[in-house]
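Enquirer: Dropping the structure in here first, questions after.
The values are calculated or read from the model by the stated rules, or taken from the named source; none is laboratory data. If you're wondering where the values come from, they're calculated on a predicted model, not measured in any experiment. All Cβ positions, glycine included, derive from the backbone under ideal geometry; neighbour counts span all protein chains shown. Surface areas here come from the heavy atoms of the whole protein model, side chains and all, with no ligands, DNA or RNA. Shrake-Rupley method; radii C 1.70, N 1.55, O 1.52, S 1.80 Å.
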Amino acid sequence: MPLYDFKCKICSHEFEGISTLEGLPAVRCPECGNDACEILITGSNYHPFPEGWWEHIATKPLHISSRSQLKEECRKHDCYATYLDPPISFSKRTRLTKSQH
């Protein structure tokens, strides 16, 4: 089931909840117990891989088209791309961009 961000219309408490689309009207606020909650539209956690020329892996720029190819090229050239780190964020609504090199 998908995870949604909600905001209570009564007490303004923001919280996360798992629900089906059919079950959305039945979501209750954990603070006040009211069922008058709305879904907050937030950014996606899906970030497509930035296919393109990567300059700082080898002596010449390499065309990289996938994370697995980037990982393999880094292994071959004994380097590390911070792009391969798991994404971090300070809140669900904050989108951080990471260096591609």
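Enquirer: Hey, can you tell me all the residues within the stretch 50-80 that are assigned to a helix (DSSP H, G or I) and basic (K, R)? Before the answer, list the steps.
Expert: Just the residues of the stretch 50-80 that are assigned to a helix (DSSP H, G or I), to begin with: 67-76.
Selection gives R67, K71, R75, K76.
Enquirer: Tell me yes or no: at least one residue of the stretch 64-81 is under 30 Å from K9 (Cβ atoms), open to solvent by 100 Å² or more (accessible area, probe 1.4 Å) and at pLDDT below 90.
Expert: Filtering the stretch 64-81 down to residues under 30 Å from K9 (Cβ atoms) leaves none.
Among the residues of the stretch 64-81, not one is under 30 Å from K9 (Cβ atoms), open to solvent by 100 Å² or more (accessible area, probe 1.4 Å) and at pLDDT below 90, which makes the answer no.
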